[in-house]
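Single-structure report; data block below.
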């Protein structure tokens with residue numbers, strides 16, 4: 001009898017582990033790629049050597065921004081007069097035409113926010129978003145022109161040059177499919193605290209089958225991330241502990257020394273990019289079952305909320321933030337002590353400008369950060385449009401904003 005109970009218990013444990021793994025797999029990008037010849041390939045998708053999760057970002061530049069039409073000539077003149085061309089990680093360009101004022105904004109959307117991507121030129125795509133809206137996005141990042149990998153059920157991992165691809169149609173990740181690797185998840189400790197979430201190592205490796213390179217005193221090693229328990233920065237290299245208990249000191253590679261581009265943690269509120277000089281240690285663990293799947297992004301809404309002005313006015317309605325972001329999927333960027341934050345607007349509860357360079361941002365999960373050094377949260381912000389009724393919106397300059405609350 002005890003033997004039967006033991007067998008049943010082991011079977012239940014195996015079932016729970018299997019179901020948990022399948023739930024984690026739903027975080028992986030899945031879809032159908034169509035070539036310029038009309039051939040189709042369906043399976044897990046990876047963008048170049050990087051993007052593999054629905055929460056990963058497609059980066060580009062918006063071709064058009066019609067929101068400046070809501071500004072009066074006086075408003076445009078004032079923006080032009082106070083604008084300075086700045087070079088920052090969230091940079092922008094200003095048109096200095098005497099009759100106009102426009103800035104060129106970055107485009108960032110999670111792959112889960114996209115229904116279909118069609119390549120129109122080498123450096124341009126036509127996106128159909130989950131709400132049916134279409135937009136053209138220019139290049140400016142390695143997401144454009146990159147190879148695309150599909151784990152086809154029959155052919156295995158197949159790689160396509162950008163020039164051979166006509167479109168990619170995204171779809172729900174099935175419960176069972178051939179995959180390129182498992183989710184990397186864990187806790188990253190840095191000098192400002194710690195964050196838990198999906199891990200991207202060196203802005204690149206993010207699956208269990210990806211490789212950590214380094215030199216030991218005995219020779220070169222290549223270790224699959226799925227075998228690693230923790231990595232700790234130490235001196236000019238890193239101390240690596242394997243799940244087997246073996247540990248070693250690695251150096252001589254940008255995976256484990258100061259040439260590392262940083263560790264990105266996708267948390268429940270957004271992405272945190274921690275530079276190597278701020279990094280202390282990552283400890284890997286099993287990913288939870290509730291990571292965002294494709295269905296998590298289906299309910300795409302316009303931004304709405306309330307703007308309180310410095311002269312005591314309160315304006316409520318749909319919002320266009322920085323004359324650019326008008327949907328919840330769009331991103332707010334900022335920096336705190338060299339740690340960069342990229343936060344979906346839908347995850348933000350409030351934004352309070354603190355001075356010319358910084359704002360305090362409070363998330364809906366209660367996390368609060370004071371970030372700056374980017375136009376979204378500094379005096380370079382072009383202000384907010386508030387649609388309070390059926391007529392034209394009210395335009396509020398950034399310097400006149402006391403607080404923005406997002407629904």
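The values are calculated or read from the model by the stated rules, or taken from the named source; none is laboratory data. Worth saying up front: this structure is predicted, and the values here are computed from it rather than measured. Every residue, glycine as well, gets a Cβ built from its backbone with ideal geometry; the counts of neighbours run over all protein chains shown.
For residue 259, indicate whether it is closer than 18 Å to residue 203 by Cα and exposed (fewer than 15 other Cβ atoms within 10 Å of the Cβ).
On the way: closer than 18 Å to residue 203 by Cα: yes; exposed (fewer than 15 other Cβ atoms within 10 Å of the Cβ): yes.
For residue 259, the condition - closer than 18 Å to residue 203 by Cα and exposed (fewer than 15 other Cβ atoms within 10 Å of the Cβ) - is met.
Those residues that are closer than 15 Å to residue 275 by Cα and in contact with a helix residue (DSSP H, G or I) (Cβ under 9 Å, 6 or more places away or on another chain), I need them from segment 232-257; list them, please.
If the condition is that a residue be closer than 15 Å to residue 275 by Cα and in contact with a helix residue (DSSP H, G or I) (Cβ under 9 Å, 6 or more places away or on another chain), then 233, 257 are the ones that fit.
Tell me which residues, restricted to segment 208-231, are closer than 23 Å to residue 143 by Cα and surrounded by fewer than 20 Cβ atoms within 10 Å (Cβ to Cβ).
Listed by number, the residues that qualify are 208, 209, 211.
What strands (runs of 3 or more DSSP E) lie completely within segment 209-266 and have 2 or more residues being closer than 21 Å to residue 52 by Cβ and either modelled with pLDDT of 95 or more or out of contact with any strand residue (DSSP E or B) (no Cβ under 9 Å at 6 or more places or on another chain) (or both)? Let's see the steps before the verdict.
Numbers: elements: 211-216, 219-224, 228-234, 237-242, 247-250, 263-266.
Those strands (runs of 3 or more DSSP E) span 211-216, 219-224, 228-234, 263-266.
Count, please, the residues in segment 142-174 that happen to be touching a residue at least 24 places away in the same chain (Cβ under 8 Å), assigned to a strand (DSSP E or B), over 22 Å from the mean Cα position of the chain (by Cα) and closer than 21 Å to residue 27 by Cβ.
2
Which number in (1) under 15 Å from residue 406 (Cβ atoms); (2) in contact with a helix residue (DSSP H, G or I) (Cβ under 8 Å, 6 or more places away or on another chain) marks the one condition that residue 294 misses?
(1)
Take residues that are at pLDDT below 85 and in contact with a strand residue (DSSP E or B) (Cβ under 7 Å, 6 or more places away or on another chain) and tell me which of the strands (runs of 3 or more DSSP E) falling wholly in segment 31-119 contain 3 or more.
Correct list: 93-95, 102-104.
How about segment 389-401: which of its residues are surrounded by fewer than 15 Cβ atoms within 10 Å (Cβ to Cβ) and out of contact with any helix residue (DSSP H, G or I) (no Cβ under 9 Å at 6 or more places or on another chain)? If you could, list the steps in order and put the result at the bottom.
Within segment 389-401, the subset surrounded by fewer than 15 Cβ atoms within 10 Å (Cβ to Cβ) is 389-392, 399.
Within segment 389-401, 389, 390, 391 meet the criteria.
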